[in-house]
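A short worksheet on the structure shown next.
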Amino acid sequence: MPCAVVKPASSSYMASLWSRADVHTNRDELARQSDRFGLAFTIVTLAIACIAATFWLPNMSMAANVFTSVLIIACPCALTLSAPISYGSAMGLLSGVGIFLRNTSIVAQLQRVGHIVFDKTGTLTTPTCLAYFGSELTPEQHTCVMALAAQSSHPICKALVESKQQGLPCVDDFEEEPGSGICGTCLGHRIGLQGMQSANQLDVAGSRTFISFDDNLLGYYAVEHQLRPGMTDMMLSLRKQYEVSLVTGDPGTISPEISDLFDTTNINQGAKPRDKVSYVQSLQRSNQNVMMVGDGVNDLAALSTANVSLALSNGSARIVPSCDIAMDAQCVAQLPNLLNFARMARRVVNAAFWFTMAYNVLGMTLSVQGYLSPVVTAVMMPTSSLIVIAISVIGTRYCFRSLQWV
């Protein structure tokens, strides 16, 4: 049966998550800070130049030299030059280890993170299909199940689909209920994969994904959720400096190796996409700067709501419009390094800031006293800018290399 488009993309569930403009968090703070700093610096510089020129009147030649020298030597490089160069260098260095930032302002946002919210399946854990239990599937039933699972980017569905399987039949009337399951019509049969809502009946570390074929329950796949390598060390490192929470759509029993990573009050199970958004917003209302770490479609709205969002790629999707940071799921253990590097980059900007302030105070003091001519200040100003650039680039690279990147 040929496939046909029956609805516009704008009416899809994914589009509705991406267009949640009502919950989008404004993340352009760095640009606003730079604008405010530049405006204040310009006003102060013009005031000093005018006052100094007035002081030297009626000596018009000296007044003109002083006025010009003050305007030339003034250099607001602290935020207008140092921050973009430092954070731009940081973006380039991070891309070399598989961490991609949306823009330079994300580095500044990372410095203010106080609470990190994690999804579980596909983020902290990787699902592995262990075995099938139930009525033996015919080749046609097995093909239909694989074709249905291939339609979803959920990690459990990816675990069910056999590697390099090709030539799967088309699935019509595909529907996905986040946190519940998927269903569709394949080869004239109505197929369903339901798992998350049934896992609360099980006292196991994993979950079961149930198969329905023409409204008849055939059996289930046992799925084990294995903790990614390095997660324990990562969480121990993060908890020394941040509050951490787990928000997962799985309502079943969480294995001790995962639950021990969080305070019991910070574990939220059976969360629908809207519940994840509500949880992030509740943290923000308590004046916490929230970072959301997730991997699936169900996390898009929460990613968009958080102050900083990190989307992990499991090979099923490489572009997540709602994310500020993208990295391969295998690199998630680098998160402490990423946050530490962001704080180090801030120290580099601060160093350039104090150099700039010292340069401006000294330069303007000498200029208003008439010790510096416009020609001299014309040489000093670009020299100071080059020094700021050197501090920004060299300092950022030094900080990056001081961390142990895997």
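The values are calculated or read from the model by the stated rules, or taken from the named source; none is laboratory data. This one's a predicted model, so the numbers in the text were calculated from it and none came from an experiment. So basically every Cβ, Gly included, is an ideal-geometry build from the backbone, and we count neighbours across all protein chains shown. Protein only, heavy atoms only, side chains kept; ligands, DNA and RNA dropped before computing areas. Shrake-Rupley method; radii C 1.70, N 1.55, O 1.52, S 1.80 Å.
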Legend entry - Those residues of region 226-256 which are more than 18 Å from Leu335 (Cβ to Cβ) and outside any loop (DSSP other than H, G, I, E, B), in sequence order: Gln226, Pro256
Inset, instruction - Considering each of Ser309, Ser392, Ser313 in turn, give the residue that is modelled with pLDDT under 90, open to solvent by less than 50 Å² (accessible area, probe 1.4 Å) and among the polar types (S, T, N, Q). - result: Ser313
Inset, instruction - Working only within region 317-362, note down all residues that are of a type in the set (S, T, N, Q) and at pLDDT below 85. - result: Ser322, Gln330
Legend entry - Of all residues making up region 367-379, the number that are open to solvent by 60 Å² or more (accessible area, probe 1.4 Å) and not hydroxyl-bearing (Ser, Thr, Tyr): 4
Inset, instruction - Give region 347-395 a look and list any residue that's closer than 20 Å to Ala53 by Cβ and hydroxyl-bearing (Ser, Thr, Tyr), or say none. - result: Thr365, Ser367, Tyr371, Ser373, Thr377
Inset, instruction - Could you identify the single residue in Leu81, Leu94 that is under 18 Å from Leu310 (Cβ atoms) and aliphatic (A, V, I, L, M)? - result: Leu94
Inset, instruction - Find the helices (runs of 4 or more DSSP H) located wholly in region 60-120 whose residues include 3 or more that are of a type in the set (D, E, K, R) and over 23 Å from Thr365 (Cα atoms), and list them. - result: none
